[in-house]
Every structure is written in structure tokens, then in C-alpha cells.
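The values are calculated or read from the model by the stated rules, or taken from the named source; none is laboratory data. All values reported here derive from a predicted model rather than from experimental measurement. Cβ placement follows ideal geometry from the backbone for every residue including glycine, while neighbour counts extend to all protein chains displayed.
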Amino acid sequence: MIGDGTSCLSVTKIGDELDILGPLGNGFGYDNNLNDRLIYLISGGTGIAPFPYLIQHIKKYTNKIVLFSGFRDKKNI
């Protein structure tokens, strides 16, 4: 399902002005009791944006983090 914001952005052209409000979307949480566990994180395409911040916080509890991220093609990596 495509959200209203994505629909609006999909029709913008270079040079268009935008009013930005963010961050928006669905948040996620994690258990602080990770105790040096191995953590797998999975994202898709532009959904990777919050992961550096999440990883920074998870590293307080474990350094065993593996990130899998899917992209449409190589130019979108």
C-alpha cells in the first residue's frame, strides 16, 4: 500500500518546493535485555533510513548485529 506522502512525492519535479514534516511512519521498539545476543535486522530499499540510529542504540547491548537490506536494483543501493 502506498501512503499519501509517497503519492505526493511521486509526482514532484526537479525544482518543486516542498514543505516537509517528519519523521513519520510506524516506529519500532526492541527489548533492552539483549545480553550480547545475535541480532538480525531486515529492511527494504528506502526503509533502511532509520537503521543506523537503531544500530547505534542496539550496540549498547550487543555488537552482534547483521543487517539484510533489499533494493530494487544496484543503482538504488
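Could you list, in sequence order, the residues of segment 1-56 that are surrounded by 11 or more Cβ atoms within 10 Å (Cβ to Cβ), part of a loop (DSSP other than H, G, I, E, B) and modelled with pLDDT under 90?
Those that are surrounded by 11 or more Cβ atoms within 10 Å (Cβ to Cβ), part of a loop (DSSP other than H, G, I, E, B) and modelled with pLDDT under 90: G25, Y30, L34, A49, P50.
Give me the pairs, please: first residue somewhere in segment 29-57 and touching a residue at least 24 places away in the same chain (Cβ under 8 Å), second residue anywhere and of a type in the set (S, T, Y) and surrounded by fewer than 12 Cβ atoms within 10 Å (Cβ to Cβ), beta-carbon distance under 8 Å, and either six or more positions apart or on two chains.
Listed by first residue and then by second, the contacts come to nothing, as the list is empty.
Is there any pair linking a residue in segment 3-25 that is over 19 Å from A49 (Cα atoms) to one that is in a helix (DSSP H, G or I) and not small (G, A, S), with Cβ under 9 Å and at least six apart or on different chains, and which?
Close Cβ pairs satisfying both conditions: L18/C8; L18/L9.
So, in segment 17-49, exactly how many residues are closer than 18 Å to K64 by Cα and either of a type in the set (S, T, N, Q) or touching a strand residue (DSSP E or B) at 6+ places or on another chain (Cβ under 9 Å) (or both)?
Number satisfying all stated conditions: 10.
Quick one: how many residues across segment 57-76 are surrounded by 10 or more Cβ atoms within 10 Å (Cβ to Cβ) and closer than 26 Å to G3 by Cβ?
Total satisfying the criteria: 6.
Please name all residue pairs, on different chains or six or more residues apart, with Cβ atoms under 9 Å, provided the first residue is in segment 63-77 and is of a type in the set (D, E, K, R) and the second residue is in a helix (DSSP H, G or I) and surrounded by 10 or more Cβ atoms within 10 Å (Cβ to Cβ).
Close Cβ pairs satisfying both conditions: R72/G45.
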